[in-house]
Amino acid sequence: MQYFIGYDVGTSSVKCILLDTNGTVFATAIESYPLFTPNPGWVEQEPEDYWNAICKATNRIIQSSNISKENIKGIAFSTQAMGVIPVDENGNLLYRNISWVDGRAEEQAVKAMKYFGGKRIFKLIAGIELTGKDVIPKIIWLKDKHPEIYKKTHKILDVNGYLKYKCSGKMVAEWSGACSYAFDVKKKDWERLFFKLCKIDLTKLPDLVRSIDLVGNLTPEAAFQLGLTQNTCVFGGCDDTQSAAVGTTAIGEGEAHIYVGTSAWVGVTTSKNLKFKNAAVCLQSADPKKNIVVGITESAGINTQWVVDTYYQNEKEKLSEQDLFSLIEKEINNTNAGADYLLMTPWFLGERCPISTTTTRSTLFNLTHQHTRGHIARANFEGIGFNLKWTIDNLEKDYGFRFDTLKITGGGSKNKSWMQLIADITNRKIITTSQPVNAGAFGAAMCAMVGSGIFKDFSEINKLIQCVDTFIPNPKHTKIYNELFNIYKSVFHQLNKTYQQINKARFES
């Protein structure tokens, strides 16, 4: 039997799985790492923290599985997107990873759009405005603020590219990851004119590979640190959105999936090359023959953690995790749909889709003395649901997709009350799958298994993943959720300028 390792390198931790070609998982491990917020609106991570966590997780699964490392044929990474990691020609780190949720480069976003004739013309060309969260403005920020680092930079890598370098010694970028920078999904190449107009040196961009391409074998040092052999193959892998689509089996034309974890998103697989609209983007899929249209909610599960830390602190100290979340679920279920007209928007980190903003923040709207922590907990879940509905509605309106059913994955999909809420709010059937936590790692492993020739294509994932639970919308909740959804959108439109007034200057400084 041949075995593969898939890694899901997220914002707060890496999930690592060891599986065979039947989809049997022999071992799993999770290792966490911190976020750093040195200034308002800034979010950074140490790339070495990713690597150290991966080495620990890999050694743990090898030791616990009793499977010979000689039988592990390949590995691949699924990673958080939009990383900016400058390295010199020897691979030395020159700056922390500027994370995908970082919004420092608003000034540079405006500057970049001026190269194209201004914001209005840029939006006509690209279908979306640049913001301070986007990669190109962050590279310009690095060039403007740290010219000495930019000059020393040999290549700019994303998280996946950095990890492939640590494994193989080769600096490359995979197609789906390149989309976070500027990638032509039709030509399968960097948008070279875009970089030239933005005055970014094209030589600093790595060579491109597909998700299923063999990048190389483990170097002696990497093999030693990981506890594997030098014969282990390293494949291209992909970004997390793309791997989640594979891990939920939403890989056919027009099939949609929702991910609910630290962040959340809606993704739709298609063979069409579509324009960016309403902050939704068309990216390269894990499957080299397909694309994926994605609308990303910046902050989801991380908001729930804030609710737990803020309103359930005493219970958190006394109860097991399972008992704690059972308590929260009970309080949510004892609260009326719509949380008695309390709204909580999920924009703790700004937002990317359905509205693109670096300055907006979360709001508890319409709070009264009658509201309890159960209302706040429910309003938190409902607010994320409203954001997903807004994105889904836009995807149908802008692209002509039709979703009667959505497959859902991520740690949040284990919460049945939340899944029912999403079904009720979106008014669509929701299906959970057999690998809710490991879907991203499964998707990464599929890149390696298809790349190695074990599987002919990504459709083989249907042999490994099964549907589990189905949630049907409750018609009794339709009226209140439709009413609150319109108010939810109004909260953003009414407060958008106010958020800019309070946050714009301090974030840019």
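The figures follow:
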| read-out | value |
| --- | --- |
| Within the range 424-509: Cβ-based charge dipole about Cα centre, in debye rounded to nearest 20 (Lys, Arg +1; Asp, Glu -1) | 340 |
| Net lengthening on full extension, ARG402/ASN273 (0.36 nm per residue, minus Cα-Cα) | 44.7 nm |
| Separation of the GLN500 and GLN63 label points, Cα + 7 Å toward Cβ, nm | 5.5 |
| Of all DSSP beta bridges in the chain, antiparallel share, percent nearest 5 | 70 |
| All Cα pairs of the chain, percent lying beyond 33 Å | 36 |
| Within-10-Å neighbourhood charge of GLN45 [Cβ basis; K, R +1; D, E -1] | -4 |
| Where chymotrypsin sites (Phe, Trp or Tyr not before Pro) fall in DSSP loop in the range 8-81, at most 10 other Cβ within 10 Å | none |
| Inter-part distance where the range 260-287 and the range 485-508 are each reduced to a Cα centre, Å | 25 |
| Full-extension gain in nm, THR372 to LYS416, via 0.36 nm per residue minus C-alpha separation | 13.7 nm |
| The range 3-236: antiparallel DSSP beta bridges as a percent of all, rounded to 5 | 70 |
| Positive minus negative residues near LYS316 (Lys, Arg vs Asp, Glu; Cβ under 12 Å) | -4 |
| Rounded to the nearest 20 debye, dipole of the chain from Cβ charges on Lys, Arg, Asp, Glu | 1240 |
| Around SER180: net Lys/Arg minus Asp/Glu count, Cβ-Cβ under 9 Å | -3 |
| Alpha-carbon centroids, the range 27-78 and the range 294-330: separation in whole Å | 24 |
| Dipole of the range 3-236, positive end: most advanced residue of GLN80, ILE17, ASN66 [Cβ charges, Cα centre] | GLN80 |
| For THR79, distant residues with modelled amide H under 5 Å away | VAL9, CYS238, ASP239, ASP240 |
| For the range 271-378, share of DSSP beta bridges that run antiparallel, in % to the nearest 5 | 90 |
| Test item: Cα-centred dipole of the range 154-240, Lys/Arg +1 and Asp/Glu -1 on Cβ, debye | 280 |
| C-alpha center-to-center spacing [the range 395-427, the range 338-360] in angstrom | 17 |
| Trypsin sites (Lys or Arg not before Pro) restricted to the range 436-509 and DSSP loop, no more than 10 other C-beta within 10 Å | LYS456 |
| Sorted largest first, extent of the range 326-474 alpha carbons per principal axis (Å) | 62, 34, 26 |
| Among ASN217, VAL159, PHE122 the positive-end extreme of the charge dipole of the range 118-258 (Cβ point charges) | PHE122 |
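Rule-based calculations on the coordinates, nothing more; no lab input. What you see is a predicted model; the values in this text were computed from it and never measured. Cβ coordinates were reconstructed from backbone atoms using ideal geometry, including for glycine residues, and neighbour counts include every protein chain displayed.
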